[in-house]
Every structure is written in C-alpha cells, then in structure tokens.
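Only the coordinates and a few stated rules stand behind these numbers; no lab work does. It should be emphasised that the depicted structure is a prediction, and the values quoted were computed from it without experimental measurement. Please note: Cβ atoms are built from the backbone with ideal geometry, for glycine as well, and neighbour counts cover all protein chains shown.
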Amino acid sequence: MFFLLILIIPFLHFTPNTAIPHVQPHPNTTIVAPKVSRGFSVPLYHRAMLYREEFNLTKTTSSNYDAQKTMFTTGLYDRLNGVYVAYFMVGDPPQRQALLLDIGSDLLWVQCQPCITCFNQTDDLEFDPKESSSYREIPCNSALCNHDEDYIFSCDATIDRTSEKDCRFEIEYADDSSASGKMIIETLGFFSDVRPLENIVVGCANNNQGHFDEDTSGILGLGLGYYSLTNQLKVTNFSFCLPGPDFIYGSTLDMFYTEPEKDNTITVPLLLNPLHPSHYFVGFQGISLNNQMVPIPSSYWEFSTDPKSNIDGGVLVDSGASVSWMPTQVYEIFSTNFVQLTNMIQEKPPDSTTFNTCFSTRSTSRSVPEVKFHFTNTYSLTLTMEQLFWRYALQNKPDMLCLAFHHGLGFGFTIIGSKQLQGARQTYDLVNMNLKLTPNECY
C-alpha cells in the first residue's frame, strides 16, 4: 500500500514577505509553548527494525530533553514501508498514540471515541476523552476556532453528531481519505519523564474513512498552517531523517528554537505558493540523467503567485507520500529517457503494484543512468539505487526493480516523496525559508 496524505486546501489567506511564514496566533489565544523547554526530538526506526525480537518500544522511544541544547526530541518509525510514524502520549493520564508524520498537512489529529466510522487498529489506540482529565473542548466562537482554515467549521453547521457549540473540523486528503470531528485542547507527552506539552490544539476525529493503516492512530501535520505543531510551539526549524530498511540505529524528529549547525548540506529555497499556502514548495530546476537535463518543459516546475490563477505547477516536498508523484506528461518524458539509457530488460509490472516502469534483475551487469534533482541554485541531489527503485520479490522468479515514481494525480505540481529522500536529513528552516538536505546523515 502506498500512501499519499497531502492536504487539499484552496487559497484562503496569503501574506508575503513575513519574517516567519507560518500563521501567527489570534489574539487571546491559549496556545502556549512550554515555559522551560526549548525544543523536542523523537526517535526514528524503519519498519523492519520494529519487528525484530530485540526491539522494545518502551526502551527505544524515550524522548530527550535538554534546555541547554534548545530542542525537543522524539522517535520516528517506518511502520508503513516508506511512511513514518512518531509515538506520542495524549491526555492525562497519557494514552499512547502512533501518529503518521505528514509535512503536507497541518493538523495533528487522533482517532477518538465514540466512533461513528473508524479505521481498524491493531492496538487499542483510539483516544478516549472520558479517560483524560486534561481534555477540553473548544467553543465554536473561540479565537482558537480559526475560520481562515477551510477545514474548520464554527457555529453555522454540525458535523458527525457534534454540537453547534463545538469547534469542528472536516479534512480531506488527496487519496480520498478523510477525517472529521471536534477540535480540542489536550496534553501531548512522550515515552519518558520529560515534561509534557500542555495546551496543544488537537483534532479529535470520530469519523475517519479511506487509506489509514491499522498501525497508526492519526496524523502529525507539520505544514505551514495555523494548527501545525511547529506553529503552536513557535519553533524556528525542525529536522528529521527518513531511514531505509537497513537502518538499525534509530533517528529522531527534532524541533529547535536555535539553528543546528550542519556541514556539507544542500540548501534549497522554500517557496510560498498562494494556491497551497500550507505546503513546502521548493525552488526546482529539473531532472538530469547522466548530467544531461531531461527535456521537461520548465513550466512544470513553476507556479503562479496570483491566487486567482489556474496554473497549478511547482514542486513540493511531502513526507506523507511514500514515493514521488509527477504529472503524467512529466513522468512519460522522464521514464522514456531513462529506459533509453539503461541496459536493464524492461518487464511488465506485477499485478500487485501500481508502478508503470519495471525491470528484470536477471542480468548481473546493470547500467543505470545517474539521476539528479536540480534545485534553483547550484545544488543538486544525486539519487541512490535505493532511492530510485522499489524492489519486488516475486515467487519463483527473479526480483523486479520498478522506478519508484507514480503519476496521474490530476494535479499540475510534482511531489518529492519520502522514498527519494531516504538517508538524507531534512532540516526545515522556518525563519530563512530554506530546506537543508544532508546526504548520508542517516547512515
């Protein structure tokens, strides 16, 4: 199963030339960053690591807190073969939650009781508000019920048995998954004695349909919008690694109030797209094969700054997408040129996959063109074999390698997914609006 959890939000509000691009809180807001804490960091593991006998969740997910380092840390785990999960505790007493990391959406929400429609879960992860003394509902006329977010509903309608007095949300993702329920204030904790984060706005979702995995209990949205955890805590940047299947030492999701020092980084400009103001678009120049640019029209890498425009191009980064997605025309040009430059034998894709360009591994001598992503500066990112291909083990047949790219979303923009960024630490500088990629940082 491949996941694409990018939030669909039309243009609502855009303020250019702001020093910090995420939305500032409304007056009289009760969202507060911890008074003493200076950041947080959470551990990351690949799915393969989770099922090893020596893996012990209670030992490996402890969060680190150090006021001198001005950061929080918590763990991320690849439970979904390319989509990453962070473990938090919600409520008082705390209830364990497994949240899918998604920088393509804003809201942190958990599946809540009582359910109207809920996806199945392997563990009893549904959050029970009745068991939490810190649970507080947000009135529909509160400043925290932010009407500028089009998935928030105030006092003019009801959703899924909620009262007109409640602040409510109904959120839809690009893969037709959806979640809806109440907006609440809760305590967010860690698997350790670290001081929990209080007064965090959370979605309490009791009607959830679509492609949600049974190993998760909700979404950790880290986009640029009002309810994003990065905005609520007013962190200046956040950073994480996406380890591959052979990564065994763990990684972290880090949120900082000071800039971490990194060497040998690729610095990519982050761009504000008024048509999709919550998403992280990047300045992109094109794709090369063996240092020759693929003849893809540059218009696909651009978007209009006019919110009334129907030009929906550009390139964004989304950890909620397990692989990269391209407009169909872009994919056809890229894959056709790639096939011409490899000596691998092309095969019909297996029925179990939605990939279109696959190759046999029968040949021991394989020539593969070097693939680079070029950004709108002097930097480029060279893809490794693990980032480029998705391997399939077929019964009684040699393994098959498929180009790890999808197409046909119906959108004009391109999405760089988690597969193509595995092994590189991503640091999102929200003050200077840069994405810093540090290759091989995770290995």
Whole-Hz couplings from phi, Karplus 6.51/-1.76/1.60, listed for the stretch 330-346; x for Gly and Pro: 5, 4, 5, 5, 4, 5, 4, 5, 5, 4, 5, 9, 10, 9, 5, 7, 6
query: Distance in nm between label sites at Asp156 and Ser360, each 7 Å beyond Cα in the beta-carbon direction?
result: 6.2 nm
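Using 1/(1 + (r/R0)^6) with R0 = 25 angstrom and r between the beta carbons of Ser133 and Glu214, what's the FRET efficiency to the nearest 0.05? List each step's numbers first, then the result.
Details: r = 29 Å, r/R0 = 1.14.
Efficiency, rounded to the nearest 0.05: 0.30.
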field: Residues of the stretch 333-349 with amide N under 20 Å of a point placed 7 Å along Cα→Cβ from Lys397
entry: 339, 343-349
query: Could you give the length gained on full extension between Asn291 and Ser367, defined as 0.36 nm per residue of separation minus the Cα-Cα distance, in nm?
result: 25.9 nm
- request: Taking every Cα atom in the stretch 266-438, find the radius of gyration and the maximum pairwise distance Dmax, and write them in Å.
  value: 16.6, 55
message: Using alpha carbons only, how many angstrom separate the centre of the stretch 217-236 from the centre of the stretch 303-333?
response: 22 Å
- prompt: Under 5 Å between amide H atoms, partner at least 5 residues away or on a different chain: which partners does Arg136 have, H built in plane at 1.01 Å?
  reply: Ile185
- line: The exposure ranking of Thr361, Thr382, Thr414, Thr187, fewest beta-carbon neighbours within 10 Å first, is Thr382, Thr361, Thr187, Thr414
